[in-house]
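Below: one structure, written as structure tokens.
The values are calculated or read from the model by the stated rules, or taken from the named source; none is laboratory data. Quantities reported herein were computed from a predicted structural model and do not represent experimental measurements. Here the Cβ is made from the backbone with ideal geometry for all residues, glycine too, and neighbour counts use every protein chain on show. Only protein heavy atoms, including side chains, enter the accessible area calculation; ligands, DNA and RNA are left aside. Shrake-Rupley method; radii C 1.70, N 1.55, O 1.52, S 1.80 Å.
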Amino acid sequence: MSLSDTYTLANGVEIPVVGFGTWQTPDGEVAERSVLAALKAGYRHIDTAAAYKNEASVGRGIAKSGIPREEIFVTTKLWNDAHSYEAAKKAIDDSLGKLDVGYLDLYLIHWPNPAAIRENWKEGNAEAWRAMEEAVEAGKIRAIGVSNFMPHHLDALLETAKIQPVVNQIYLNPSDAQEEVVAYNKAHNILSEAYSPLGTGDIFTIPELKTIAEKYQKTVAQIVLRWSLQHGFLPLPKSVNEDRIIENAQLFDFELSDEDMQAIDQLKGTAGQASNPDEKAF
Ligand code: A2P
């Protein structure tokens, strides 16, 4: 396997097995420079969101790389203020305009249950999904999916969806492997993408990981990202430092033993857990 190898999504679209995360990456020069560094290091998959407020800078980084558009996989997401048919249509066009990449490879509903429509989340998702399906038919988007969805949110979406979701991007790392959601995704041919694959930096404090890293002569980040890949997840590590961006891509010259995979599986709760999307204040 290598950084440009792909998983095949349920709709046939190929998606590079590691993505470059940009959550909490400041807009402007930092976002542009880190995306450029990631593409230089060999990443071919960039993940952003309207809510990250850095789409324009991410798009500039992509453009400056000079890499042909079709060689890069670009994901962005629908924010919580756009869970209606008209608002979602506009949000898709807004993201396309900011990124300026011609089309989106993947577009996700960012949260299943925005606080402002807590009583009507099913309708909100169904409406947004209808706009997303139309954008697929219009050639604006190649694949659609969701993020932070639990099984009951997906069950509701599947009641009216004409196009099946092919990705569910969730908080996923050794401290919270979200077994129930992952099993649901698998049963429905939905790829589990891992955001916060390094626990937003918190996994570095787990002593067991340091021991395993020493054994393989790898860094803790590399061990945890390799664990994610060996589970068949698609990790989206974020960094704004070029040396770490490079480090997080060097995952293909070693393999974790079954025993060490199982040891890492035992680390649940040691560095934070996913929050409940039905209880979020936004
Ligand atoms: P920075 O962006 O300053 O490099 P996650 O991908 O789980 O969201 O984690 C991102 C956090 O982990 C950021 O704070 C990032 O910091 C830090 N980080 C990313 N890669 C590494 C690495 N290889 N070693 C140490 N810290 C890292």
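Residue count for segment 2-41, restricted to those that are closer than 19 Å to Asp100 by Cβ, within 12 Å of the ligand (Cβ to nearest atom) and part of a loop (DSSP other than H, G, I, E, B): 2. For residues in segment 164-180 being open to solvent by 10 Å² or more (accessible area, probe 1.4 Å) and free of Cβ contacts under 8 Å to residues at least 60 places away in the same chain, which is nearest to Met132 (Cα to Cα)? Among them, the one singled out is Glu180. The set of residues from segment 190-203 being in contact (Cβ under 8 Å) with a residue 24 or more places away in the chain, assigned to a helix (DSSP H, G or I) and open to solvent by 20 Å² or more (accessible area, probe 1.4 Å) comprises Thr200, Asp202. Scanning segment 1-44 for residues that are more than 22 Å from Leu229 (Cα to Cα), of a type outside the set (A, V, I, L, M) and crowded, with 21+ Cβ neighbours inside 10 Å returns Thr25, Glu32, Ser34. If you go through segment 207-234 and keep only what is within 8 Å of the ligand (Cβ to nearest atom) and outside any helix (DSSP H, G or I), you end up with just Thr219. Number of residues in segment 171-206 that are within 16 Å of the ligand (Cβ to nearest atom) and not hydrophobic (A, V, I, L, M, F, W, C) equals 16. Filtered by the rule that a residue be touching a residue at least 24 places away in the same chain (Cβ under 8 Å) and either surrounded by fewer than 20 Cβ atoms within 10 Å (Cβ to Cβ) or more than 16 Å from the ligand (Cβ to nearest atom) (or both), segment 242-263 gives Glu242, Ile246, Glu247, Ala249, Gln250, Phe252, Phe254, Glu255, Leu256, Asp260, Met261, Ala263.
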